[in-house]
Number of protein chains: 2
Amino acid sequence: MSLKASQLAMVPFVSVDNMMRLVHHIGMERFMADLAQEIEADFARWELFDKTPRVGSHSEVGVIELMPTSDGALYGFKYVNGHPKNMKEGLQTVTAFGVLSQVDTGYPILFSEMTLLTALRTASMSAVATKHLASPDAKTMAMIGNGAQSEFQCIAQKAVNGVDTIRLYDIDSAATEKCMRNLTDAGLTLVPCTTPEDAIEGAGIITTATADKDMQTILTDNMVGSGVHINAIGGDCPGKTELHRDIVARSTVFVEYPPQTRIEGEIQQMAPDHPITELWQVINGTAKGRQSASEITLFDGVGFAIEDFSALRYVHSRIKDTPFYIDLDLIADPDDPRDLFGMVKRAQ
Amino acid sequence: MSLKASQLAMVPFVSVDNMMRLVHHIGMERFMADLAQEIEADFARWELFDKTPRVGSHSEVGVIELMPTSDGALYGFKYVNGHPKNMKEGLQTVTAFGVLSQVDTGYPILFSEMTLLTALRTASMSAVATKHLASPDAKTMAMIGNGAQSEFQCIAQKAVNGVDTIRLYDIDSAATEKCMRNLTDAGLTLVPCTTPEDAIEGAGIITTATADKDMQTILTDNMVGSGVHINAIGGDCPGKTELHRDIVARSTVFVEYPPQTRIEGEIQQMAPDHPITELWQVINGTAKGRQSASEITLFDGVGFAIEDFSALRYVHSRIKDTPFYIDLDLIADPDDPRDLFGMVKRAQ
């Protein structure tokens, strides 16, 4: 086999274990701050990307989705499931993996776990939205929903926006206790709260990350004061929302990719032409973000393929010359590309 | 970690090397005959499947596609690229890999190379179409295009339909020589031909597997006699055809999934409502196949996600208790599914 072809036959694979090592090697705050920068860089060149709503396969208990995108040089996609009932069975609600490929050859150049990476990029995405939309002096965040995503959100907000105080609330106090325990040495002031009203008291940033697949109203209208920024990231499929529609109506709404958010986000409760601003336009300066101190800004985050692309691109750039991957023999590599059969025959 | 969760964290991976071992372990003829049966079984329950046209990302030099489907219990998808210019660079025109998952949990249960597996299933698919559409006494096949797919087509036709004689033609005689060499001990009578006219002389089955991305006319109308069955499998994207439209017009056309074939197949040359029969209906007895000895039947094969699903299902069923896979640590598996962060933290 030629050297070139043999190298191309192998695809680096980052396992869950190696992703954890990579995160600790880089440092979790640094990792999420870097990811935030990569996401900002890709959002700033948004128009270059080949964008499509995710391709979902729905069942009664969940969904399996493929999320592809390309910037013309690289192609990435993520496989992700969403099964709220999994948690009760001791399984992850969301698991994911992804691939990065060269557009020029179609050959994959990275295969990676993305359960952890999705948690990290989702938190970095919220931090990016917060950076561009919240009051600059907002350093206290209410974290509503203290499940698998919550600690990542808190760390990313600290790393990117200097958030120093977290007010925690979950319908299950054991979740709040777990979150407190995990963040005990994170350099954050942690305030456990027993009601959502208590949690949002004095918080300039509210992040909701709850997971039930019903029309939920975690926050009602009279609870939310003027000037706050809300990241509503738990509602990410049809029928799954977190905010009362009156809050959405009072807010200036910012989204990732409108065709997807209108189906999956908080704005699924609103008219199909409910006004929204695309976040990439705020990032590259072609649209305005927050326009007054009393405005409520809402990042209606559902997660978009470009964020996964940014994350895969970042991991690919950081694993070089590290021990945090193994090579998989994924691509058939015959001496003569027309002689696939001969390769099989000679392997006997 | 619980035993159940730890097992679920691992996903079996079949590399190219292990796929070759599995093929030799089972025997290539048996493997393709089995695959043909699996495809027939899935085509017979066609209406159960969640079907969608493939999701493509096109560039000037090729395409990267995702091909998902589900039968309600299992979900499968294939990643596949098509880059005709790759061959000149010593790379495969088509490479592929795929995943099989449980619909109930969204957890993957198989990750497999599919460059080889696609070649095998494509050949088995042609053999299935031939079984249901060709004259039963057709035992001679013209193989037009002697590239990477050709030998697999010949072996599958022998295994499934008892084809005993192959008449080979390629625009490049070196390809024909390679094909002859690879099939020398396959138990087939091989007849190298220097023109397409010569190759189809006396052949009851004609299979075309050519790869250039232009409107090609490998066979012209006056060359093709009555009663033959044609598998046209090389034309599988917009702008890529192999047959003159007059041949298509004279034939009874059978297809996999009409919304995809009308864009990608030979019938892209015809009117949008050109009459076709869905092959699954022939297989389950709800539509007629060949209706006379003089009819020309044409299987306008472009490859559909259900065939890949059948192939993944087959590989998954056959690797149990074999050494032909390794387990990959692909799924994050915290003790408490809400405690993803704690898992990362404790790994430090």
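Condition first: within 16 Å of B:D335 (Cβ to Cβ) and touching a residue at least 60 places away in the same chain (Cβ under 8 Å). Now tell me which residues in region A:88-102 satisfy that.
Residue satisfying the conditions is A:T93 alone.
Tell me the helices (runs of 4 or more DSSP H) entirely within region B:271-348 that contain at least 2 residues that are within 28 Å of B:W46 (Cα to Cα) and of a type in the set (V, I, T).
B:279-283, B:305-319
So which residues in region B:77-90 are assigned to a loop (DSSP other than H, G, I, E, B) and surrounded by 19 or more Cβ atoms within 10 Å (Cβ to Cβ)?
Within region B:77-90, B:H83 is the sole residue that qualifies.
With respect to the numbered conditions (1) within 12 Å of chain A (Cβ to nearest Cβ); (2) modelled with pLDDT of 95 or more; (3) exposed (fewer than 14 other Cβ atoms within 10 Å of the Cβ), which one is the sole condition not fulfilled by B:D335?
Only one criterion in (1) within 12 Å of chain A (Cβ to nearest Cβ); (2) modelled with pLDDT of 95 or more; (3) exposed (fewer than 14 other Cβ atoms within 10 Å of the Cβ) is unmet by B:D335, namely (2).
Can you report the number of residues in region A:147-169 which are in a loop (DSSP other than H, G, I, E, B), at pLDDT 95 or above and more than 10 Å from A:I205 (Cα to Cα)?
2
Just for region A:208-247: of the residues that are charged (D, E, K, R) and over 23 Å from A:Q291 (Cβ atoms), which one is modelled with the highest pLDDT?
Result: A:E242.
State the number of residues belonging to region A:93-107 that are surrounded by fewer than 22 Cβ atoms within 10 Å (Cβ to Cβ) and either more than 8 Å from chain B (Cβ to nearest Cβ) or hydrophobic (A, V, I, L, M, F, W, C) (or both).
Number of matching residues: 1.
Looking at region A:125-136, is at least one residue over 22 Å from A:L279 (Cβ atoms) and modelled with pLDDT of 95 or more?
no
Working only within region B:128-146, note down all residues that are part of a loop (DSSP other than H, G, I, E, B), in contact with an Asp or Glu (Cβ under 8 Å, 6 or more places away or on another chain) and within 27 Å of B:A41 (Cβ to Cβ).
B:K139
When you look at A:E29, is it in the same structural domain as A:M87 (by TED's automatic domain parsing), at pLDDT 95 or above, more than 28 Å from B:F13 (Cβ to Cβ) and surrounded by fewer than 22 Cβ atoms within 10 Å (Cβ to Cβ), yes or no?
yes
For residues that are small (G, A, S) and more than 9 Å from every other protein chain (Cβ to nearest Cβ), scanning just region A:301-332, find the one that is surrounded by the most Cβ atoms within 10 Å (Cβ to Cβ). Working first, answer last.
First, the residues of region A:301-332 that are small (G, A, S): A:301, A:303, A:305, A:310-311, A:317, A:332.
Filter once more, keeping what is more than 9 Å from every other protein chain (Cβ to nearest Cβ): A:301, A:303, A:305, A:310-311, A:317.
Working: A:G301: 29, A:G303: 24, A:A305: 26, A:S310: 27, A:A311: 27, A:S317: 11.
Out of the qualifying residues, it is A:G301.
So, in region B:225-241, how many residues would count as being surrounded by 20 or more Cβ atoms within 10 Å (Cβ to Cβ) and either part of a loop (DSSP other than H, G, I, E, B) or without any contact (Cβ under 8 Å) to a residue 40 or more places away in the chain (or both)?
Counting residues in region B:225-241 that are surrounded by 20 or more Cβ atoms within 10 Å (Cβ to Cβ) and either part of a loop (DSSP other than H, G, I, E, B) or without any contact (Cβ under 8 Å) to a residue 40 or more places away in the chain (or both) gives 7.
Taking the residues in region B:77-92 that are more than 14 Å from B:T118 (Cα to Cα) and within 7 Å of another protein chain (Cβ to nearest Cβ) as candidates, determine which candidate is modelled with the lowest pLDDT.
Per the criteria, the residue is B:M87.
Every residue, every condition in (1) under 23 Å from B:Q153 (Cα atoms); (2) among the charged types (D, E, K, R), yes or no:
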| residue | (1), (2) |
| --- | --- |
| B:V282 | yes, no |
| B:G289 | yes, no |
| B:S292 | no, no |
| B:A305 | yes, no |
| B:R318 | yes, yes |
| B:D327 | no, yes |
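Rundown of residues vs (1) more than 7 Å from every other protein chain (Cβ to nearest Cβ); (2) in contact with a strand residue (DSSP E or B) (Cβ under 6 Å, 6 or more places away or on another chain); (3) free of Cβ contacts under 8 Å to residues at least 12 places away in the same chain; (4) in a strand (DSSP E or B), yes/no style:
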{"site": "A:P12", "(1), (2), (3), (4)": "yes, yes, no, yes"}
{"site": "A:M19", "(1), (2), (3), (4)": "yes, yes, no, no"}
{"site": "A:H24", "(1), (2), (3), (4)": "no, no, yes, no"}
{"site": "A:R30", "(1), (2), (3), (4)": "yes, no, no, no"}
{"site": "A:Q37", "(1), (2), (3), (4)": "yes, no, yes, no"}
{"site": "A:F43", "(1), (2), (3), (4)": "yes, no, no, no"}
{"site": "A:P53", "(1), (2), (3), (4)": "yes, no, no, no"}
{"site": "A:P68", "(1), (2), (3), (4)": "no, yes, no, yes"}
{"site": "A:Y75", "(1), (2), (3), (4)": "no, yes, no, yes"}
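Filter region B:148-175 down to the residues that are closer than 14 Å to A:G342 by Cβ and in contact (Cβ under 8 Å) with a residue 24 or more places away in the chain and list them by number. Quick ask: steps written out before the conclusion?
Filtering region B:148-175 for residues closer than 14 Å to A:G342 by Cβ gives B:148-152, B:154-155, B:174-175.
Matches in region B:148-175: B:A148, B:Q149, B:S150, B:E151, B:F152, B:C154, B:I155, B:A175.
B:F43 - would you say it is over 23 Å from B:M20 (Cα atoms), in contact with an Asp or Glu (Cβ under 6 Å, 6 or more places away or on another chain) and of a type in the set (F, W, Y)?
Spelling it out, it is not the case that B:F43 is over 23 Å from B:M20 (Cα atoms), in contact with an Asp or Glu (Cβ under 6 Å, 6 or more places away or on another chain) and of a type in the set (F, W, Y).
Among residues belonging to region A:146-204 that are among the basic types (K, R) and within 9 Å of chain B (Cβ to nearest Cβ), point out the one that is farthest from A:N222 (Cα to Cα).
Filtering region A:146-204 for residues that are among the basic types (K, R) and within 9 Å of chain B (Cβ to nearest Cβ), the one farthest from A:N222 (Cα to Cα) comes out as A:R181.
From the residues in region B:247-281 that are among the hydrophobic types (A, V, I, L, M, F, W, C) and closer than 17 Å to B:G303 by Cα, which one is surrounded by the fewest Cβ atoms within 10 Å (Cβ to Cβ)?
Filtering region B:247-281 for residues that are among the hydrophobic types (A, V, I, L, M, F, W, C) and closer than 17 Å to B:G303 by Cα, the one surrounded by the fewest Cβ atoms within 10 Å (Cβ to Cβ) comes out as B:I263.
With respect to B:E256, is the statement that it is under 21 Å from B:T122 (Cβ atoms), at pLDDT 95 or above and among the charged types (D, E, K, R) true?
yes
The values are calculated or read from the model by the stated rules, or taken from the named source; none is laboratory data. Being a predicted model, the structure only gives us computed values, none of them experimental. Backbone-built Cβ (ideal geometry, glycine too); neighbour counts: all protein chains shown.
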